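The values are calculated or read from the model by the stated rules, or taken from the named source; none is laboratory data. This structure is a prediction, so every number in the text was calculated from the model and none was measured. Glycine also receives a Cβ, built like all others from the backbone with ideal geometry; neighbour counts cover every protein chain displayed.
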Amino acid sequence: MVRLSQSSKRIKSSINPNNPRRFPVTYVITTLICSILSYYTGYITNITSNTACPIAVKNREQEQSSDEKIMAIVEQRVKAELTKASAIKTISENNKDRNPIPYFGSKTTSFATGMAHVKKKVFDETFDYGLPSSGYFNDEDAIILYTDSSIPSKPETLANTKFAQGIHKSIDIHEATENCDTMNVVIISKKQKQCVAIMEGSESYHVQRWTRPSRKLPLRASSRGQSGNRTPFTVPDKHKIKNHWGMLKQYLISIDDVLAELGPIAEKVAIDNTIIVLTCNMGQSEILMNFVCNAVAKGFEMKNILVFPTDKETQELAEGMGLTTYYDERNFEKLPVGEAKAYRDKIFVAMMYAKVVCVQLISMLGYDLLFQDVDVVWYKNPLEYFQNSKNEFYDFDMYFQDDGARSSRYAPLSANSGFYFVRNNEKTRYLFTSLLYAGDIIEACHSHQQVLIQLLNEHSSYFGLRVKVLDRDSPNFPGGWHYHRKKDLMKKIMKEEVTPYIFHMSWTHNKNNKLKFFQQMGEWYLNDKCINKSKSIILKNTNGGDTDSSTPLKNQCCLKEPKIKCHYRDKPSKIPCKKNDPIDKGRPSFW
């Protein structure tokens, strides 16, 4: 029994918190097993050698029975010693507060004593910050760093956080975070040669960024999204600031009168305290009219839609189509009437002001709202999704269609500013007020979407605004990204095997392409004679010169069946368009 006594001394030494030479628990267990087996091997050897004596057991069966008893005793003693070793291991690990074993070394114990791996997909589902999962999250793990007091309690879980040999193993998300009172999440991209530095200090909720202008130069402080000497984010110049001041001054001077006029209209339109908000100028009027004709053909009601036209001609057309409108001439009279020729051109940017004002006014009046661009068509009423209390994301403040883009300009939310739903509360009201104040940045970066995402990020961090970006891989809310890149989904929609709530013709160069794409999809319900025409001209052409304003335009302009027409063989279409040229050179047919 000498070996066992020596082993016991080693065990006591290994769990002594004052002993500088603490042995790993695995070493203790190995020593125990070896000691036990060594002792009993000698014991068995002595018995076996005695069987050669004439007076020893002569019956072979008796020998086997004796051996089996001995081995049973050995097995029993080994199990007992392993149980003791497990208890010793637990004692050692529960001693962490007195004498922790930091994974990163003794000089990081204030902020990094241990580390654990958890499944990234599970982490995102458990702690849903509203970020789009598709395109960001794959099958890799997320890493959690612990201060000493936040390390998991269970010994078996603790083994995967405190000791290097267990770090590679993923652990349960709930056990991994059971002692976390707070948790800061940092998302990085693997596409760059990127380092992440963590240190103790006054806690910051912003990421300091350092980049190299070139490989030969040292790291220097830089802005978000900067690469070398280039950055997608610029500050407004003096001209843009003063221009914005002028528009904001007019808005503030007129706000009381505007709210007094708009209030009764909004109250009349709202259903369940919710209003569907659109804005449009004459240049995009036929897209608005197609939305109405499309909805009427499918049997949707238009009662809670409120259009903010930016000119009188569009107001007349919208009202002629049966929609309720509010034209704020004081704030919109200087906005362009014509269509944008391309994404981010001057007309496109100028119209962003109307997208800011209309939602800010409805939000200030206290209504939930669904904002959508006019290039949206419905398959199902989207309010059924957002107002369903059984919706798994019902407790979010705002919901956005996933834009599809994954550039730094839109990171990390990638929210599409052309289709979103808002629950009215103090946080969302202040968000739209902040967006109103940021008109100069919108003009500087040529993007309402970029600035809105910037504020969503900041308000989520600062005020706890909860923003949910709808799953890009879900068939519920597809848009331009799906149209151009997800052929399988678009084929299912064209075959009516999948029925989304809406389709948003984003990611499209200009209005002419939107019209052609909708025609190919079988979603164009507007008569050609009503395209790019004022209300008076439409009535004159269809009524034999009679311009009676009481005649509903829907009767003259809306088709009962869609006008399906092929334009490009490589884009989604209701029918095969194989004989047509592709819009993208060299691309094969969609069908």
Point to revise | Hey, N543 modelled with pLDDT under 95 and surrounded by 12 or more Cβ atoms within 10 Å (Cβ to Cβ) or not | key: yes
Review point. When region 433-481 is examined, which residues are found to be closer than 16 Å to P236 by Cα and in a loop (DSSP other than H, G, I, E, B)?
Key: A438, H446, S447
Revision key, fill the gap. Picking from K491, K563, the residue that is out of contact with any Lys or Arg (no Cβ under 8 Å at 6 or more places or on another chain), surrounded by fewer than 20 Cβ atoms within 10 Å (Cβ to Cβ) and at pLDDT 95 or above would be K491
Check your understanding: Restricting attention to region 143-196, and to residues there that are closer than 28 Å to S133 by Cβ, among the hydroxyl-bearing types (S, T, Y) and at pLDDT 80 or above, which single residue is surrounded by the fewest Cβ atoms within 10 Å (Cβ to Cβ)?
Key -> T182
**Study point:** The lone exception for E267 - which of (1) in a helix (DSSP H, G or I); (2) in contact (Cβ under 8 Å) with a residue 12 or more places away in the chain; (3) among the charged types (D, E, K, R) it fails
**Key:** (2)
**Study point:** When residues of region 490-507 are limited to those that are over 12 Å from G404 (Cβ atoms) and hydrophobic (A, V, I, L, M, F, W, C), the one farthest from the chain's Cα centre (by Cα)
**Key:** M494
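Residue-wise test of (1) part of a loop (DSSP other than H, G, I, E, B); (2) β-branched (V, I, T).
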residue: S389; (1), (2): yes, no
residue: F393; (1), (2): yes, no
residue: Y399; (1), (2): no, no
residue: G404; (1), (2): yes, no
residue: S407; (1), (2): yes, no
residue: N416; (1), (2): no, no
residue: Y420; (1), (2): no, no
residue: T428; (1), (2): no, yes
residue: L431; (1), (2): no, no
Point to revise | Residues of region 194-247 classified as β-branched (V, I, T), under 29 Å from L145 (Cα atoms) and either free of Cβ contacts under 8 Å to residues at least 40 places away in the same chain or outside any loop (DSSP other than H, G, I, E, B) (or both), total | key: 3
**Study point:** Residue check, V374 in a loop (DSSP other than H, G, I, E, B) and touching a Cys at 6+ places or on another chain (Cβ under 8 Å)
**Key:** yes
Exercise for review: Can you run down the residue pairs with Cβ atoms below 6 Å, 6 or more apart or on separate chains, where the first is in region 488-512 and within 20 Å of K298 (Cβ to Cβ) and assigned by TED's automatic domain parsing to the domain that holds D402 and the partner is assigned to a loop (DSSP other than H, G, I, E, B) and among the hydroxyl-bearing types (S, T, Y)?
Suggested key: none
